Each structure stands twice: as structure tokens, then as C-alpha cells.
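Enquirer: Dumping the structure here so I can ask a few things about it.
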Amino acid sequence: MPNSLSLLLHNSFSTFFPKKVKVEKKEAMESFDHLILDLALSDDIDHTLRTALKDIQSYIREKLDADVFVLSPKTQNNQWLFAKSVASVPNILSKINKQHPKVIFQHRHASPKDISTLSSHVSVIQYGKNTPSTKESTLLTLVFASQKPSDERIQFYLEKVIYILEKGLSAWHKQQTKIQSVVDEINANYAAELHDTLAQTLGYLRIKTCSLAKECQEFEGSSVSDTSAEIASQVKLAYRQARDIITTSRTKLEPEKLIKLISNAIEDFELRSSIVFEFDNRLKGDLHTPDDGQVLYIVREALSNTIRHAQASHARVLIQHQDDGRILIRVEDNGKGIQENGKRHDSFGLRIMHERAEKISASLTINKRQGGGTRIDLSLPEVNE
């Protein structure tokens, strides 16, 4: 009898937990260990994750018949990464987890009408700081093509995947934190040196060239008067640009503070001029971008150009969602408008704005505003409300 009972228990256990599943899992996942190092050393985490998901997707499709999506950890935005492509459909909200009631995602077989009928599973991947309450996190979502398996089966096959992603992202986050700390220190030192040297020299030259230009006004119409006025104008411009660089370098770009920094910049530039600025922010939350520093610089440069060249009485900064899910930051004024060929004596600054936009996969357009004035549109990759 004991032998029969043992045999029965052995057969039952083998039926529900076959040995070959464990062997398959171990063999399939051992080759994934290199992904930890790939993620840790990544300088483009979204690209690395999409590449890693190509292997993970094959494994999960075979074992669970599901598609795998990972929420971008770089900006914590509503961009889901799927293998080597990006999957995202704005305005489709699905309550797939009580802890995350509003998560945007797309399944390649789904439409807005049947999105709510999809079977899904969400796992939280924590990484970063050691304190559990302050850890960074991202989401891994499985969307099943057929009936959802049991939670035990899902956890069984996801265990190693989650382990790899947590380890890899933790190492990547730690490295990025160190890099950002060094960058912040360099920027602070750079700003201090600028303030103590170049800015003070330019401040002195600004005062002297303005006085010289006034004294040369008695030679109105002569080259001396015109040249002195141009020198005074250019020195004044250089001084303002130096101050803007110092301000931007000293600004600590903390998470979820970009909207506030843009608002502060608007107030700063409004105090410098007689232009009335309007800030029209239509986002429900803060703004997350691939690089907040680049965005802030572009906005500040656009505001600076407005007060220097527009000859406007009113300007507006608009931030809103676009229909394609991207974010639009628009700076427009009712001034004299940009020249037909778009060339100005400060075109170097405009070129830098375009270069900064390209670095963050954004598009920048500068056009005449309907009704008069200039309109600068910065279209950013998808962000989180």
C-alpha cells in the first residue's frame, strides 16, 4: 500500500508539474543572462530593451501564447516597447491592473472596440534606489492571444524574465544616476566660471558700449554712429545669452519639474520686457521628455528671441497633446514676424535649437503666425500626463 500511494503521488505531481517544463525553462532562460549586462551598459535603454524583448517575446509566445510589452523606463511615459518596434495608441485607456488603472497600450490584433476584452497580466519591475518606497518602477504587460493561463503558470515562466529585467535596469539606473551627478557638477562649475569671468566682462562691456553709442549719436548718419550702435547691440545680446546659459546650467532638472521650470522661464522673460506672456498649459500632469535640459534650453531660446526681435506686445506658450500622441510646445507672438527666407543675424542660435531638437527625436518648425507674428512649434515624443 505505501508503495502504491507513493506511486500515485508521484504520478499526480508529474502530471501537474512535469519535469520537462522545468528543464525547458532552465535551458531557454540560461541564454538570457547576457541581457543583464546589455541593459546595465546601455546608452539607449529603449533600443536595448526592444532588442532584448525580441528574445523574450519568442520565449513567452511559446510558453504562454502572449505578447510582451514593457513601459519605457527612460521617461516613464505612455510608450510601450514591443520587440524592435514601438506600440502606442493614445486615447485608448484600459483598466488592466488596480494599481495602474490608466495604462495606454496597443495590441496588434486589437481595435478600440475590443481592447477591453483582451486578457492581460501586469507585473511591476522595480529598480534603482534601495528603499522599497522610493524605488523606480516600470511595468511588464502580457497580452494573451487566447485564454489567459493560471497565475501560477504565468509566474512560473515570468520569474526569470522579471529577475533579468530588475537586475539589468537597476544597474542601468545606478550608472545613469552617477553620470547625471557628474554632469550636474560639471554644469555647476561651468556656470560659476562663466559668472566669475565672461559674464562680468560682458557686463562691463555692455555698460561701456552703450555709453559709447550714446556719445556717437551726434554723428548720426555716419558710419561711426551705426557701427557703435551695432557693437552695443551685439555686446548686449552676448551678455544676455551668457546669463541664459548660466541660468540653464544652474537649474537642477528634477523629475516632474519641467512644467514649473518653463513657467519660471516665462516669468523671468516677462520681467525683462514689456511683452505680456500667456502660459496655456493643457496637460493634466507634468511633462516628461527624453531630455528635459534640451527642451528647457529650446523654450528659453525661443522666449529670448521673442523679446529681442519680435517687437511684439503679446506672446503665448502653449503645451498640449497632439492627435498622434506627441506633445506640442508652441511659442508664438504678434510681432513683426520672421523674414521670408528665415535668415537673421542670430541664425546660429536657431541652428542650435534645431540641433538640440534632433538629439531628442523632436521636430522644430519656425513659421509665420497667421494674423501676424512668429510661431515656433516643438513636437516631442510621447509623454506621460
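Enquirer: Note the full-extension length gain between Arg240 and Gln370 as 0.36 nm times their separation in residues minus their Cα-Cα distance, in nm to one decimal.
Expert: Once the chain is fully extended between Arg240 and Gln370, it gains 43.9 nm.
Enquirer: In nm, give the distance between the simple-model label positions of Phe219 and Asn189, each being 7 Å from the Cα along the Cα-to-Cβ direction.
Expert: Result: 4.5 nm between the two label points.
Enquirer: So, one more: Which links in Lys167/Lys359; Lys257/Lys284; Lys54/Lys284; Lys284/Lys368; Lys63/Lys174 stretch past 24 Å when you go from one Cα to the other?
Expert: Lys167/Lys359; Lys54/Lys284; Lys284/Lys368; Lys63/Lys174
Enquirer: Moving to a separate point now. Once fully extended, how much extra length lies between Ser137 and Asp323, figured as 0.36 nm per residue of separation less the alpha-carbon to alpha-carbon distance?
Expert: 64.2 nm
Enquirer: Label Arg282 and Ile162 with points 7 Å out from Cα along Cα→Cβ: what is the distance between them in nm?
Expert: 4.0 nm
Enquirer: Roughly how many nanometres apart are two label points built 7 Å out from the Cα toward the Cβ at His34 and Gln200?
Expert: 5.6 nm
Enquirer: Which order do peptides 263-276, 324-337 fall in by mean Cβ count within 10 Å, highest first?
Expert: 324-337, 263-276
Enquirer: Still on this structure, please answer the following. Which order do peptides 165-176, 193-204, 56-67, 297-308 fall in by mean Cβ count within 10 Å, highest first?
Expert: Highest-to-lowest ranking by the protection proxy: 297-308, 165-176, 56-67, 193-204.
A short reminder: the numbers here are calculations on the coordinates, not readings from a lab. All of these numbers come straight from a predicted model, not from anything done at the bench. Glycine gets a Cβ as well: all are built from the backbone with ideal geometry, and neighbour counts include every protein chain shown.
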